[in-house]
Structure formats: structure tokens, C-alpha cells
Amino acid sequence: MSPRTPVSSSSQSSGSCTGGSSGSSGRLGSPSSSDMYGTMRSRKSGNGVATKEQAVGSSEVNKDSWAAEINGKINVFDKSLVEFFDTYVPCEAPSRAARPWNDPATPFKTVPTTGRETEMYPHIIKGLESIVRKFKPARRPRFANGSKRALRFPYSAWEDEHNYTLPDILMSFPAEADSDWHLNWRRIAMAIEVKPTKREDPIGLRGVKYGKEATGVLTQIAKSARNLMLTHGMLYVYIVGIYCDTARIYRFDHAACVVSKAFNYKKDPWPLHELLWRFCHNREHDRGRANAPLVHMVLGADPSLQPATDEEVQLANEKCVEAGKGCLTESEKHACRWTTASRYNKDGSEAGATRYLLYRLRFMNPRLFSRSTAVWDAFEEGTWEPLVIKEAWRQLARDREDALYDRLRHAFDPQNRPWWANVADYVFLHRNDEDKPMLPDGGFKLDDQGCPIRSEDFDELEAEAELDAAASELYGLPSVTFSDDLGAREAAKLLSKQSDSPPEASDDAMDALASGVDHPPAYDVYHRTICGWLRHANKAKYNERSHTRVVMKTTGRPLSEFASTRELVEALRDVVIGHRQLFQQGITHRDISEGNVMIYDGSIHVFVGFLLDLDYAFDWKTALKHAGYQQIDEDTWKQFVEEYNKNLPHSERPAPPEKEIPILFCKKEDGKDLGDEAEREAWKTRMRMKERTGTLIYMAIEILCSYVAHEVRHDLESVFWLLLCMVLRHTRHTSFPAYQLYINIFGPSTETGSANAKQAFLTKPMLWEVEGNKPLTTLIRKYKVLCLRNIPLEGVPNITPLTYESVLDLFDEALADSASWPENDRALPFKIPGDSNDSSTGSQKSRGKKRARDEEATTDDMVTEDSVGDPRRLPQHASKRAMVRSPLGIDTGSPESEGNASS
């Protein structure tokens, strides 16, 4: 197998993953000419596993998922170490003092180069302690052997999906005083992974090595990096790899990883000393505000995050009680932290800032190279208004979420929304009412410009529509009070520095900075990633990620915490209405999933459920404009999609190499190419990256196995899979064993497997029912039939696409039977089954009432007879979950405080 050619003159990268084929599972595979169109993706880094068996580090599913996660993302910087530090270890105060040794070979002289790996640990720790001994006590870290204590995944709500880890050597934050700091990720700032031989270095002369051994070493490193970033909300982190007498420095951000050249740390450990100095002596502006004083903060920390004091935590607890949100658990108290959101004038100057106290984590995306979405319950400082804050890392190729929310706010502003839009929506949404509203005879009459003519015939309808929130306001969607792209602001500041009188920075100009010719951009604060530049400099303006923050007035709880099955159905109905409002404004959501749907729990109930997270949304109206279409409406979009799908040279995935799959909107309406060659290539790259998205277990069958354009009907099918998933996991039903059907449908870890499992369910008769719940059982059965008609089948000439009307009719019919709905059938707790043969885990008897929060926290670490056969059971020396606040103000809370979701 020939190694891959370096992707640039200064980088070398891992090849493409082979997936789960026999003989190549769990390793980085040989390079392939196929792009995303011909590559069969698999579930990444354990996201959404269906059984505990899949989460075990030795399982093929776990190995394959991590191989897919790091595939192509580990890049070697083959320039000097000095250049590596200048580019990837930025520091306001690099080391200027003399190195703390007379002879550089002294600190690590005693480290053995033969023998067992564990015999190296105490000598390496001693050497590390010696090179930081001259740090001032306030900036000096501590080191410990981590191999003797298994570290749980930092968030207990996701422990079942992610196995524990055993990092070799751990480093604390500066001035750590707690003797048990090494027992929990909250007190750990860096990890050092050790291998006894040079052969185990996963980086070779020509870049990242291929094979299971190298992939396993990189996976171990990547897991530690992921856990550090998740625990502390870091912008980027460092891991050190030691291989006999050589070492490498790994820098991870949310886009990729950059690896230094190897150096002999036994002969001269200056790179280790320089790394630790810069890491511990970095300073940033307090709270991330440009005019604030500089304060010490470890390298890679988000300066907009600050810890909460005990008094502030107590105040938050009192406010929770006042707002009817229940007392904070001990773990939630430790999780409390502040985030500062700065507001800016049009000229880029700061106009002020607001602090928000984050106290309860509702949702988290646990993947390493991803959007890393986190959704928090929060209070605004001063007003103590309950809010929701979402943090995410947007890929630059994707539309800015803050801009999409701005468009929605503008569209539904009463000053901007046309009267006839309110009337049309009011009539549509109430078409199944007994006393349904009707348009006057002939409907809307149009003027010469094609706009409806206002007349007194519409006065009564217009008045009714204005009072109906579902027609006149954002419905089933969050009310966003503030949104910002922090990475875009950093890029704009950098553009400003490069020009004495810069024009207003466009998104294209800011994104182009990421593809610097000689090196990645040097931002003041790295709210934009830079590790993707080494992977492919020309595509960095698409591959890098930008830190975004959204503040929402609409508060809620996870869909999996429904108070009744009727509430679950009402929530999903409202989400479909919200999805329709998005589409009317030119936005297709494309990622209907558990983490993107919440149940409203505000004091004024306008709707029950709402849809959030526009990270994967597709702006089809803007796409039509870019492609040169003059008529921008739903009919034009529908015609374009039909034409595109009809002309596909090969519809089924994967396509043979000789069949080139066209890119959406690569030509104008008149058939001519878009602009010049550079413009065409940029557009093709952006559209290719946005072609297929979603969360595997909820994705529509046709999207999983074909190249057709993503339409509304595919998202409506995803709503069905989300409903079915909630029912199979959180209700009593007659399917036995209880979780077997859930595993069958949602267990497959590849797209082909997922599509086949879903289609098998749709084509077979549904012989089970939800106990004592005729409306929900009937809804699932009828929805199942519509979904089957929504997919192309052999021998069936045409599909019957899912529509808003057909789906909402089903929901309205089910909800109309109010007398048959059970009361107080709240969501049952769900615990991932041990494996596909585990029937005891899913027995209905074991799925009783939820434990109280405090009980959950105190019993979480108990080992009972039921756990003896669990393949993920922690070794007996595993550490208990200690309640210790992170130096960065981030705790890892109880299951109740962190919620259940995936994205």
C-alpha cells in the first residue's frame, strides 16, 4: 500500500477510511479518488450508539466510527519547530527566560528506552516536574500517572455512548491544590500519551501511517482531546505524544489536528518547556472584551467564559426556584459559569456587553471534529430573565445561522409581513377545524404586479389571523434576541488590521482569510479554527469552523422529557408548522433530530414544541438567486429539483467513477456556466459540502441511499423516525423484547445499514402497539404508510410525496380524539441496552418511574449484580465522580442536568 502524497508542501494527512469492510475495520485506509458522493459514511465517534456493545473501545463499530472521525483530519506540519510554535502555539508572552537546566539531557535522562511502557511514566513525570519548577507557584501545573484510574466520559448523561479512557500522564491547571485533581476531567488541562517504541509513532516519514495500530494510537489521543474540549469549552487543546525517546505536539481544534515534527526530548526538551510555558502563562482580555485588562488564562481557553462564585450559584438556585425550574442539583451548581456576549456597532466598535449565567446543560454534541453544539439554560444578569444559549462551531461553507435568524425576525416583523400571508396561513392551519375559516369566493384577486388585492371581504379573516400566533408570528420556532458569529468578528478585525481604510467586510472576504497563501491567519482570539488550513489551504475557507452564539427567549426541555405522549405529539406537530414557516422564507432545515427539537416550558404557552439549530439549513432562495433565476418562489424551486433529479446520471449511491454527479446550481437558468472558472470552482465546492446532511438515525431513506436533492418531504420523513425513536425508547409498548425493535431500526452504524433497516420496518406489518394508547398507535401506523409511499420502490411507478398537509392532517386527526389519550404517561427513562441480544435491559418491568435528581446523582456510581455482564463496566479501580468545579467554571453534572440529545 503506497502512502498518500502530501496535500501541500508543508503538510501530510491521513487517508480515507475504509468503513467497516472485512479486514480493514477500525483503521485509516488507502486513499480514494471518491469524494463524498461515492463514500459510504459511517456513524462518527460513537455519536448516537444504540447498544453499550457499540461504545466499547474494542468494538468494531467504535473503531470504525473513530477512524471515520479522524480520517483526513490529522495533518503533519513538516516545517521547523520554531515555525510550529509561531503558528500553532500563539502566546501573548512566550518564554524569554533561560531554560531551567544546565545540561538539556538532564531532565529526562533516567527515562528508560527499553522495557514496559508503565516503567517510563514516573521518570517522565519527574522530568516534566523539573522543567516547570521555576514557574511561579500561581502558574505551575502538576503531573500524575493517569493509567491507574479510569476516567469516565466528562458528561454522565452520555456515558453509555462513550467508553471510559485511561490517559497515560495527566497535567493539571496551574496552581492546582486538590490532591485528587487527576480523578476527573474537570481538573485536567492536558494529557500525555506514551508508547515504549518509535515504531508505535503513528506518524511516519511520509505522513500519517495506515493500519489498525496507528489508527488506535491516534484514536487514544483524539479521545483525550475531545474530552478536554468538551469539559472546559476550550477553543483548542494540546496533547503530547511520546514514543521511546522522541515526542510530538498535537494541536486540536474543532476542524482538524496539526502535528509537529518529532523531536528528541531526552537530548533537548526545549519544545516541551516552551509548550508548557506558553500554555500556563498566556493572557487574554478579561471576558473577551477588547478594552478590558489582560488576565492569566491557559492557552486555548475561551476568554468569554468565567466561573461563577458560590454566592452567584446560590442566587441562581433561588432564581430557578422562583421560575419554577426546580432546585439546582449539586452537580448543576458546580456547572454554573458565566458567558459574556458583546454587542457591536455597525463600524465594529463595541456597544456594550451582557453576561449570562449558564446553569443547566440541555444538549451536547459529543463529537470531536464537529459543530460541537451545546445548549444551556441560562439567566440574564440583572433582569434574571430565563433564556436559552446555544454555542456551536459553523463550518464556513455553511450559511451563517445568525443571518438566517435575522431574516426570520425581519420576515415576521408586523411592519414587514404582508396581510395576505397572515390570512393564507390562518386558513391553512385551521382547515381541519369544525368551524374552519374560508377564503371569499374566488380566493385572492391579484393586481398587475401579482400581489393580492385588499378588500373588505377579507377584513374579518385578517383580524382573526392577526390574533392567531400560528399565522402571524414565529410558531414552532425560537424567538432569538441576540445572535453573533464570534469567528466572523475575529476575521473582520484581522481584515481591518490589513487595511488602513477597509471596506465593510463581506462574508466571502472574511472566509477567504482562512485560505492564507503561506500560513493560516493569526487571529487575536481563535474563535475561528486554523488547523484545517494544513489539510488543504485552498479549501480552508470552506473547511474551517467559526464559533457562533445564539441567545433565545424561548426556553424548553428535551423532547425525551415529554410529560405525556399527547404532549410529544403536539410538540412534533408544532415543529412541522415551524418547519413550514422556515421553508416559506427559503430555508430547508435538513437536520430534524432529537437534539434540534425541544418542548416549550415558558409561562405563556403559544406552542408546545419548537425547532432550533439552523447549522445544516439550506438557503434555497439565495441559491436560486446565485444561479441566475429571475423568479424566486416555491414553484421555481420545485421545478428545479424535479429537473435535477430527472437528469442525474446515476441515482443510487455510490456512483461508479465514470458517472460524475452534477452539483446543485452549477449553471445559470439559461444553461450558461456561472461566472469565471474561480467562481465556478468555489460554488461547486461550497455546494458539494452542503449536499447531504443530517443525523444518521433520523435521515430519510432516499437521502441515505441516493443523490436526489434534499426536499421538504425528506425532513417530514425524519419527523416520523424521530417520533418512532421516542416511542420505542420512552413508552410502554407490546414489542418484545422491549428494545429489540429500537436496536433493529436505529442500531446500524452505516448509511446503507440504516436505510435498509428503515425500509424493512416500513414494508413489514406493524403488529405491536403502544399500550393503552390507540391515538398514538394509529398515528404511527398511518404515518408509516405515508413514509412508505414517500420512497421509490421497484414496480411502483411514482411516489406520493409527504407534504405539510398530509402530515399535519395525521397529527390533527390523532389529537382530535382527546378522550382516548392517556393522562400523565410521561417519558420512561431510557438506558442503552448492553447488546443486541440483551432483552433484560429492555424489559418493561425495568422501565419504571424516573429517579429523583438527587437519587440519580448518588446512585450513579454504584456497581450492582446487574452490571456484572456489562462490557462497558468500569474496572474496579475506576474513580468515582467527584463534585469539583473546573478552574474554567465548567462542571460535568448529573444526567438530569445535561439532558439527552444528539446532533
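Calculate the tail of P(r) for the range 541-611: the fraction of all Cα-Cα distances greater than 16 Å, expressed in %. Result for the distance tail: 55 percent. Averaging the Cα positions of each part gives two centres, and for the range 272-346 and the range 84-143 these lie 29 Å apart. Spin-label model, GLU60/VAL785: points 7 Å from Cα along the beta carbon direction are separated by 3.9 nm. With no solvent and one point per C-alpha, what does the Debye sum give as log10 I(q)/I(0) for the range 413-473 at q = 0.18, 0.21 Å⁻¹? Scattering profile of the range 413-473, log10 relative to I(0): -0.62, -0.83.
In this structure, the residue pairs whose Cα-Cα separation is over 24 Å, taken from LYS79/LYS267; LYS553/LYS625; LYS553/LYS831, are LYS553/LYS625; LYS553/LYS831.
Quick check on the range 686-809: take the gyration tensor over C-alpha atoms, sort the square-rooted eigenvalues as a ≥ b ≥ c, and tell me if it's rounded (a/c under 1.5), prolate or oblate. Since a/c reaches 1.5 and a/b is larger than b/c, the shape of the range 686-809 is classed as prolate. One decimal place: the segment SER506-HIS296 gains 72.3 nm when fully extended, by the rule 0.36 nm per residue minus the C-alpha distance. Applying both filters, DSSP loop and at most 15 other Cβ atoms within 10 Å, to the chymotrypsin sites (Phe, Trp or Tyr not before Pro) of the range 713-770 gives TRP768. Model label points for ASP817 and SER651, set 7 angstrom from Cα along the Cα-to-Cβ axis, are 3.5 nm apart.
Near the amide H of SER483, within less than 5 Å, lie the amide hydrogens of VAL551, all on another chain or at least 5 residues away, with H placed in the peptide plane. A straight Cα-to-Cα reach below 19 Å connects LYS148 with the aspartates and glutamates GLU117, GLU119, ASP168, ASP178, ASP180, GLU193, ASP861, residues fewer than 8 places away in its own chain not being considered. For the range 502-576, the list of GluC sites (Glu not before Pro) that fall in a loop by DSSP and count at most 11 other C-beta atoms within 10 angstrom reads GLU504.
In this structure, the pairs whose alpha-carbon distance is over 26 Å, taken from LYS209/LYS758; LYS493/LYS539; LYS325/LYS390; LYS73/LYS134, are LYS209/LYS758; LYS73/LYS134. The alpha-carbon of LYS497 sits under 13 angstrom from the alpha-carbons of these aspartates and glutamates, leaving out residues fewer than 8 places away in its chain: ASP524. From the Kirkwood radius over Cα pairs of the range 140-227, Stokes-Einstein at 10 °C and 1.306 mPa s returns a whole-number translational diffusion coefficient of 112 µm²/s. Taking a ≥ b ≥ c as the square roots of the Cα gyration tensor eigenvalues, the range 276-370 comes out prolate, since a/c reaches at least 1.5 and a/b is larger than b/c. Going by a ≥ b ≥ c, the root eigenvalues of the Cα gyration tensor, does the range 329-390 fall in the rounded group (a/c under 1.5), the prolate group (a/b larger than b/c) or the oblate group? Taking the square roots of the gyration eigenvalues as a ≥ b ≥ c, the range 329-390 is oblate.
Every number here is computed from the coordinates shown, using simple stated rules; none is lab data. Quantities reported herein were computed from a predicted structural model and do not represent experimental measurements. Note that each Cβ is placed from the backbone with ideal geometry, even for glycine, and that neighbours are counted across all protein chains shown.
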